[in-house]
Amino acid sequence: MAKPLNIGMIGYGFMGRTHSNAYAKVNHFFDLEYKPVLKACCARKEDKIKAFAENWGYESYETDWRRLIERDDIDVIDIGSPNNTHHEIALAAAKAGKMILCEKPLAMTNTEAEEMVEAVEKAGVPNMVWYNYRRVPAISLAKQIVDEGRVGKTFHYRATYLQDWTIASDVPQGGAALWRLDAKVAGSGVTGDLLAHSIDTAEWLNGPIARVSAATETFVKERKHAETGEVTPVTIDDACMFLAIFENGSMGTFESTRYARGRKNYNTFEMNGEKGSVFFDLEDPHILQYFKYADPNSDAKVEDHLTGWQRIHVTNFEHPYMDKWWVPGCTIGYEHTFINAVADFLKGLETGEAVQPDFKCALHTQKVCDAVLKSARTKEWVEI
Ligand SMILES: NC(=O)c1ccc[n+]([C@@H]2O[C@H](COP(=O)([O-])OP(=O)(O)OC[C@H]3O[C@@H](n4cnc5c(N)ncnc54)[C@H](O)[C@@H]3O)[C@@H](O)[C@H]2O)c1
């Protein structure tokens, strides 16, 4: 009989739904000692959170996250609310001895993130940040290929994260989902929202970034605020590009925007090394492209006319996570990355091995984001 793990979910929006779905499904597919129980969910508007609780099968709901944290029957606080709430909630949850799963970016600033790391370490509570793209099987396979030494010494890392949903100047800022355009709530624009994902993946695959040089742009200068109706200056970065030097000496380029007409969630990376390369595109999520270099002077027979990139359909049982899902050739989707993440978190509780990325790991991503924004302001290279 699985041990129950009582979840207290904060937020019923995009992430409230992906996380609730993950808790509900994980034990059907993964063999685990722990079983999440949808104990309570929380948001400020009672009618909305009540409807959410009923729809997803939560046993109860709260309208104040402080009350949720006070409850003795909650084991895990899941922070799925906007970025400006993460710090305060995490500090209180750690103090109350709760396990914490926090959405990305970890915090609004470095200082906040440092305090959050200190809080969970002092409390000794298991913690994880939802950088879910690590759990796309094709990205996990890229990590396996890198760890097996098949890319070798890295020369280049190239990432893009492109969307197009804020091009119209009448898209308001503030309020549900649109808080992303309001720097007071989001902290930053595409840097914290999109590039944080690219940075997490990059550092996971290629090690820490040592220094950056960045430029940002805000294309629409003023927008109406959805909650107040006031037209106010837009202070987020609509687009950001930066150069990076990794600690291993390789060079990186990162580009992100919400103004790439036609691009919806174009999250790509390519890594070029001495022995090979890998390429991934989230709009083709079950494919990992891999190029293997064959040394013409080696003893191995080289068939030059067959040299080229392989498109690996990452659905075989031997691919990461895929033995838990369907049969080879059948794909999984976006929601499964959250299910895979919960499974890893629960496995970590079983084994006692901290699951990654934890708060400490996400602090480094935060530091890179802060350095990128600082570099864009000062127009200078910034060391991490
Ligand atoms: N991992 C990912 O790929 C991914 C994707 C999207 C969003 N996110 C992150 O998830 C978080 C939430 O984003 P979203 O897209 O779900 O936003 P959303 O606007 O869809 O939902 C936010 C939810 O938080 C609730 N909320 C706001 N303030 C609150 C408060 N003070 N107390 C309780 N509830 C409160 C809102 O009612 C809403 O239900 C953000 O940090 C965001 O960066 C991560």
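Derivation of every value follows stated rules applied to the coordinates shown; laboratory data play no part. Please read these numbers as outputs of a predicted model, since none were measured by experiment. No Cβ is skipped: glycine too gets one built from the backbone with ideal geometry, and neighbour counts run over all protein chains shown.
Sort 298, 140, 256 by Cβ crowding within 10 Å, fewest neighbours at the top.
Fewest-to-most Cβ neighbours within 10 Å comes out as 298, 140, 256.
If every alpha-carbon in the chain counts as one equal scatterer, what log10 I(q)/I(0) does Debye give at q = 0.15 1/Å?
Result of the Debye calculation: -1.46.
Once you have a ≥ b ≥ c as the square roots of the Cα gyration tensor eigenvalues for the range 73-184, tell me rounded if a/c is under 1.5, and otherwise prolate or oblate according to whether a/b is larger than b/c.
In terms of gyration-tensor shape, oblate.
When the helices in the chain are scored as -39500 (n - 2.57) per DSSP H run of 4 or longer and the sum is shared across all residues, what 222 nm value do you end up with, to the nearest 500 deg cm²/dmol?
The helix-only estimate for the chain comes to -10000 deg cm²/dmol at 222 nm.
If you add up the charges near residue 314, with Lys and Arg at +1 and Asp and Glu at -1, over every other residue whose beta carbon is less than 13 angstrom from its beta carbon, what do you get?
-1
Please work out the Cα center distance from the range 92-161 to the range 1-68, rounded to the nearest Å.
The distance from the Cα centre of the range 92-161 to that of the range 1-68 comes to 22 Å.
In whole Å, what are the extents of the range 159-285 along the principal axes defined by its C-alpha atoms, from largest to smallest?
Projected onto its principal axes, the Cα set of the range 159-285 covers 56, 30, 20 Å.
Which log10 I(q)/I(0) values does the range 3-132 give at q = 0.11, 0.22 Å⁻¹ under the Debye formula, counting every alpha carbon as one identical point scatterer?
-0.34, -1.37
Return the single residue from 137, 172, 296 with maximal mean-square fluctuation; model: Gaussian network over the chain, springs between Cα atoms under 10 Å.
For the chain, modelled as a Gaussian network with Cα springs under 10 Å, the answer is 296.
Mean-square fluctuation check for the chain, GNM, Cα pairs under 10 Å: which of 333, 187, 174 is largest?
Its mean-square fluctuation being the largest, the pick is 333.
Counting other beta carbons within 10 Å of each Cβ, put 291, 280 in order, fewest first.
Lowest count first: 291, 280.
Assuming a viscosity of 0.692 mPa s and a temperature of 37 °C, what translational diffusion coefficient in µm² per second does Stokes-Einstein assign to the range 43-119, Rh being the Kirkwood radius over Cα pairs?
250 µm²/s
Computed over the Cα atoms, what is the radius of gyration of the range 214-292 divided by 2.2 N^0.38 Å, N being its residue count?
1.53
Count the net charge of all other residues whose Cβ sits under 11 Å from the Cβ of residue 223, scoring Lys and Arg as +1 and Asp and Glu as -1.
-3
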